[in-house]
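Beneath this line is the structure, given in structure tokens, with notes to follow.
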Amino acid sequence: NTAVATIGSSTGIVTGVSTGTSTISYTITNGCGTAAATTIVTVSATPNAGTITGTATVCPGNTTTLSNATSGGIWTSVNIAVATIGSSTGIITAVATGTTTISYTVTNGCGTAAATRVATVSPLPNAGTISGAAAVCPGSSITLTNSVSGGTWSSSNANATVSAGGVVTGVTAGSNTISYTVTNSCGTTVTTKPLTISPLPNAGSISGASVVCAGSSITLTNSVSGGTWSNSNANATVSAGGVVTGVTAGANTISYTVTNSCGTTVTTKPLTISPLPNAGSIFGASVVCAGSSITLTNSVSGGTWSSSNANATVSAGGVVTGVTAGANTITYTVTNSCGTAITTQPLTISPLPNAGNIIGASSVCVGSSITLSGVVAGGSWSSSNANATVFGGVVTGVAAGTNMISYAVTNSCGTDVTTKTITVNPLPNAGSISGASGVCLGAAILLTNAITGGTWSSSNNAIATVSDGIVTGVASGTITISYAVTNMCGTDIAIKAITTNLLPLVPVISTQSPLTVCVGTMYQNFGAATQPPVNVTYKWTAVKAAIWAQGATHQYALVNFNTTGIAYVTLNAVATGTACANKSTIAINVGTNAAHIAEVSYFNSHFVCTPASEDSYQWGYDNAVTLDSTILNGEINQDYLNTSPDFFNKHYWVMTRLGDCLQKTYYHTPTAIQNIDNANSITVYPNPASDIVNIVISSSVHSNVQINVLNMLGQTITTAETTNGTVTIGIASLPVGSYLVACYQNGIKIATSRFIKN
């Protein structure tokens, strides 16, 4: 029966599978047949300790019974100091608080099995001891504590309350018992503490008068005994028996204080100490002028003012007004329930001063003097401003204008002033001459002067003349221009040195294009025979033509002819420091035939001009600094071989002819600062930018403007066109860096700017 046991066919080892019996056979076979021996094997079960049931929690001195469905086991306790158990009954007897492990052990021939359970002996409840004060005042609190936590506080009556945290608050005076109760599964225990609620102190109320005179006494009483009397300040004193004596007039507060173990309480009574009558002292001037007033004051209020006679009057507020010169006595009277007090002050009423009239002239010149006099002697003179001074009646003019001369007579009642208006006539003033200090020969400048009415003159009319401030240069030299202003006091002259400067030498245009060109002819060379002399500056200008670029000293220039008709190219010579200028002008007839625009490229060591249909070719270059042109003799083919061109110092070009039209085409076009029309400006925003840039061109002409975006190597990245001066270009795909924006109109650069790509 392999369900009960198995056996190794060659080893004889039996392995139990389940409880029961199985017959084991041992068989031997040979040529004569088979023989077998058998035995019965029993498979016994392993021991099973089952499960412990029953209540495993017990209080000290009590018992509880555990049980197990499996019989025949033995009960044991690991910690018999906590609990013991009957070995066969399973009855647990509690010994002391704590835990122990209870085991139930079953043993048979196959071994031993055990079931365990933890048994707990719970403690009896302990209410501990209450600690803290044994007394509290009504409205106050104390805190009681207990070494045992988890209990509840309670009060025996309404004389006091106790919070869950042991805070006891007194309510009314009397006795109370505070309890602390602790409950657990083994029962309840209570500890108590007697408590006294002490009464609050009571200061009662003060009886007696509320007013006492300075130097007199009154007696105050209180229905509550045992208190102490006190006063708020030195206006009055109070004895231990409540006798209050007034010292000085004013207000005081009398206090009665009662103290016990619950604190101190105070009751008060306001007290007024009435003064004896006091007329104080009169403060203020002892003299008043007739018709004027002074104000007298007294440190004591509530009194009445009076005057001894009609020389002066006095108001209820102490304002004394003089009436006529003489003597008077002012009296101040104060009355109260204790009598009347009087104080007096003598008073003198003085007469008013009189300044009379000023006699003398009413005008004086600047720098001159006149003498004034007063009818009344003893006065003092003064001037109203700095236009004139006065000393002892002598008035001296200082500056043109008007002045008020005053004569003041002063006495104890004040000052009387009489005045006289004096006119201070000005000296002549020629001001200063404004304007340039030099004039060019044959030219004129305008001098001005802020002072009107003067006359102009020249110290040498052979060098320069002047008329109404207009100075005309006649010959080289320096003269003095005068401006004279005259009035009744004489003449004042302003002068200015003027130099007549020679004109610079007229520059000669020795290099020029043909006098007749086709419209659209670009980059024609013009130049002077020599560089500018010392202190002379060259500048090229054009009418109906455009100055494309000028060399470093402006000896040479490149000119474009884009408008039919007569164009004028002018070389201006300007003297440094004087602005005197001379010029030389050439007229160019720009015909209606249009010049053919060629293109120059460089590759395989060759400069090549396209197209190949030009009538003639002439190669050359301009100096990169001066723009002076050099013709390469013999280089008259469509291409020009140059294995090592000098692009840094030379601008290579080819002059082509097609019919009657010559055209000059550069490989690298010169770009001096003059190639940008300053009338145009360009705005690029946002800058720096990430996705797009907006370009706005400020110009009077917007038609067909081409906009190129170039990197810092000069390579064109993208282009756009606008007819209204505004365009938006996407730059999201561009690498981070700095870029140039160049705007062209009819092939001419009109504006540039830069932006940064984030």
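The values are calculated or read from the model by the stated rules, or taken from the named source; none is laboratory data. From a predicted model like this one, the values you see are computed outputs, not experimental measurements. Reconstructed Cβ throughout: ideal geometry from the backbone, glycine too, with neighbour counts over all protein chains shown. Keep in mind that these areas ignore ligands, DNA and RNA; they rest on the heavy atoms of the full protein, side chains included. Shrake-Rupley method; radii C 1.70, N 1.55, O 1.52, S 1.80 Å.
Observations, loosely collected:
- For segment 102-233, the relative contact order is 20 percent, taking Cα pairs closer than 8 Å that sit 6 or more residues apart in sequence and dividing their mean separation by the residue count.
- Segment 67-175: antiparallel DSSP beta bridges as a percent of all, rounded to 5: 95 percent
- Proportion of all alpha-carbon pairs of segment 381-440 beyond 12 Å (%): 72 percent
- Evaluated over the chain, the count of Lys pairs having alpha-carbon atoms less than 26 Å apart is 11 (only pairs 8 or more residues apart or interchain).
- Both the radius of gyration and Dmax for segment 285-438 are 26.3, 102 Å, in that order, over alpha-carbon atoms.
- Summarised in one figure, the compactness ratio Rg/Rh of segment 1-153, Cα atoms and Kirkwood Rh, is 1.47.
- Lys/Arg +1, Asp/Glu -1 at C-beta; the chain dipole; positive extreme among 652, 281, 731: 281
- Antiparallel bridges, percent of DSSP beta bridges restricted to the chain (to nearest 5): 90 percent
- Its relative contact order, with pairs defined as Cα atoms under 8 Å and 6+ residues apart, puts segment 98-146 at 29 percent.
- The convex hull defined by the C-alpha atoms of segment 170-268 has an orientation-averaged projected area of 8.5 nm².
- Dipole magnitude of the chain, debye to nearest 20 (Cβ charges: Lys/Arg +1, Asp/Glu -1, about Cα centre): 1960 debye
- For the chain, taking the reciprocal of the average inverse distance between every pair of different Cα atoms yields a Kirkwood hydrodynamic radius of 46.4 Å.
- Our note on the geometry: Cα centres of segment 599-673 and segment 170-203, 121 Å apart.
- Long-range amide H partners of residue 447 with built H, under 5 Å: 470, 471
- Listed residue (111, 89, 442) projecting farthest to the positive dipole end of the chain, Cβ model: 89
- Distance cut-off 27 Å, percentage of C-alpha pairs in segment 495-624 lying past it: 33 percent
- Here the relative contact order of segment 235-322, from alpha carbon pairs under 8 Å that lie six or more residues apart, stands at 20 percent.
- Exposure of residue 754 as accessible area (Å², to 10), given a probe of 1.4 Å and all protein chains: 130 Å²
- Applying a 4.7 Å Cβ-Cβ cutoff to the chain, the cysteines left without a disulfide-compatible partner are 32, 110, 213, 338, 365, 489, 609, 743.
- Probe 1.4 Å - accessible area at residue 646, Å² to nearest ten: 50 Å²
- Stretching residue 192 away from residue 412 to a fully extended chain increases their span by 69.5 nm, per 0.36 nm per residue minus the current alpha-carbon distance.
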